[in-house]
Amino acid sequence: MPKSLFWTRTDTAGSEHAVLDDRQGFAAQGVALAVDPIPYTCRYRLAVGADGVTSRLEVETEGAGWSRSVRLERAGDGWRVRTGEEGDLDAALRAVGHPPAGLPGTDEPERLAEALDVDLGGSPLFNTLPVRRIGLTRAPADQARQVAVAWVLVPGLAVVPAEQVYTSLGPGRIRFASGNFTADLDVDPDGFVVRYPGLAERVGPR
C-alpha cells in the first residue's frame, strides 16, 4: 500500500505531507508549507528508478503575487532543467528585508551531471533517497558515503550542485553533513526520517 507521511517543521511554522509508493522504485508527491523567508506553498512530484537513481523532479512554489516552477529530468548522463515564473518573488523578498532569490533553475546544468539524487530545501523526505540507494540503514556503524546531489532551494527554486556525506551511526541513526552543517537523523527501518534536529519531526494521527 502507498505510504502517507507527515512532518511538522521545528525551525519555523510549517509542515510537509508526502504520499508515496516504494514497492517498485519510488514515486512521491507532496506539499510543504512554511512562513520563512516569506509564506509559501511548495508542491512536488518525484520519480526514482528501481536502481534508486532519481529520474525526475517537478516542483512548484507559490506565494502572494508570485509563483515559480522547475522540472529536473534525467537525460542521458546529465539533467535537463526547465523553469517557469510568474509575478516577482524577488520584490516580495526585498519588501520584508530578505535578499533576492535570483532566477529559478540553473545556467549550468552540466554541473549537475554527477548527481544521482536530488534534494529539496526544507524537506526531510529527500534525505531518504541517498540513504536507501546506498543501503545505509543496513550498513555497519561509522560507514560514511559521499554523494553528489542536485539541490533545489526554496522558495526560489535555484538548482545548485552539492556534496553531502551520510554516515551510519547504528540502527535508526544517520549523520548528515553538508559543508559546515551536521545533523544526526533518526530514521525508521525503511530509511524515512523520524526526527531531523532543528528542521522537522514526523507526526501521526492521534
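Scanning the range 32-60 for residues that are aromatic (Phe, Trp, Tyr) and surrounded by fewer than 17 Cβ atoms within 10 Å (Cβ to Cβ) returns no hits. Residues that are over 22 Å from residue 153 (Cβ atoms) and either open to solvent by less than 30 Å² (accessible area, probe 1.4 Å) or acidic (Asp, Glu) (or both) within the range 12-25 comprise 20, 21, 22, 25, listed in sequence order.
For the range 5-60, the set of residues classified as within 18 Å of residue 195 (Cβ to Cβ) and among the hydroxyl-bearing types (Ser, Thr, Tyr) consists of 8, 10, 12, 15, listed by residue number.
Answer yes or no as to whether residue 78 is open to solvent by less than 20 Å² (accessible area, probe 1.4 Å) and under 15 Å from residue 161 (Cβ atoms). It is true that residue 78 is open to solvent by less than 20 Å² (accessible area, probe 1.4 Å) and under 15 Å from residue 161 (Cβ atoms).
Looking only at the range 17-63, which residues are in contact with a His (Cβ under 8 Å, 6 or more places away or on another chain) and more than 22 Å from residue 3 (Cβ to Cβ)? Once the filter is applied, which keeps residues that are in contact with a His (Cβ under 8 Å, 6 or more places away or on another chain) and more than 22 Å from residue 3 (Cβ to Cβ), the range 17-63 yields 37, 38.
Looking only at the range 64-75, count how many residues are in a strand (DSSP E or B) and either open to solvent by 20 Å² or more (accessible area, probe 1.4 Å) or in contact with a His (Cβ under 7 Å, 6 or more places away or on another chain) (or both).
Residues that pass the stated criteria total 6.
Among the residues of the range 135-160, how many are in contact (Cβ under 8 Å) with a residue 40 or more places away in the chain, open to solvent by 10 Å² or more (accessible area, probe 1.4 Å) and not hydroxyl-bearing (Ser, Thr, Tyr)? Of the residues in the range 135-160, 4 are in contact (Cβ under 8 Å) with a residue 40 or more places away in the chain, open to solvent by 10 Å² or more (accessible area, probe 1.4 Å) and not hydroxyl-bearing (Ser, Thr, Tyr). Looking only at residues of the range 65-84 that are of a type in the set (S, T, N, Q) and touching a residue at least 60 places away in the same chain (Cβ under 8 Å), we find that the one that is nearest to residue 119 (Cα to Cα) is 69.
Of the conditions (1) under 20 Å from residue 127 (Cβ atoms); (2) at pLDDT below 95; (3) not hydrophobic (A, V, I, L, M, F, W, C), residue 76 satisfies every one except a single condition; which number is it? Evaluating residue 76 over (1) under 20 Å from residue 127 (Cβ atoms); (2) at pLDDT below 95; (3) not hydrophobic (A, V, I, L, M, F, W, C) leaves (1) as the failure. Only one of 96, 81, 131 is within 30 Å of residue 172 (Cα to Cα) and either among the hydrophobic types (A, V, I, L, M, F, W, C) or at pLDDT below 95 (or both). Can you tell me which? Within the list 96, 81, 131, the selection yields 131. Among the residues of the range 82-131, which ones are among the aliphatic types (A, V, I, L, M), under 21 Å from the mean Cα position of the chain (by Cα) and either open to solvent by 70 Å² or more (accessible area, probe 1.4 Å) or within 26 Å of residue 193 (Cβ to Cβ) (or both)? Once the filter is applied, which keeps residues that are among the aliphatic types (A, V, I, L, M), under 21 Å from the mean Cα position of the chain (by Cα) and either open to solvent by 70 Å² or more (accessible area, probe 1.4 Å) or within 26 Å of residue 193 (Cβ to Cβ) (or both), the range 82-131 yields 101, 103, 112, 115, 116, 118, 120, 125, 129, 131.
Please verify whether the range 86-105 includes one or more residues that are closer than 29 Å to residue 134 by Cβ and either touching a residue at least 60 places away in the same chain (Cβ under 8 Å) or assigned to a strand (DSSP E or B) (or both). Yes, the conditions are met somewhere in the range 86-105.
The values are calculated or read from the model by the stated rules, or taken from the named source; none is laboratory data. In this text the structure is predicted, and so the values were computed from the model without any measurement. Neighbour counts are summed over all protein chains in view; Cβ atoms, including those assigned to glycine, are modelled from backbone coordinates with ideal geometry. With ligands, DNA and RNA removed, areas are computed over all heavy atoms of the protein, side chains included. Shrake-Rupley method; radii C 1.70, N 1.55, O 1.52, S 1.80 Å.
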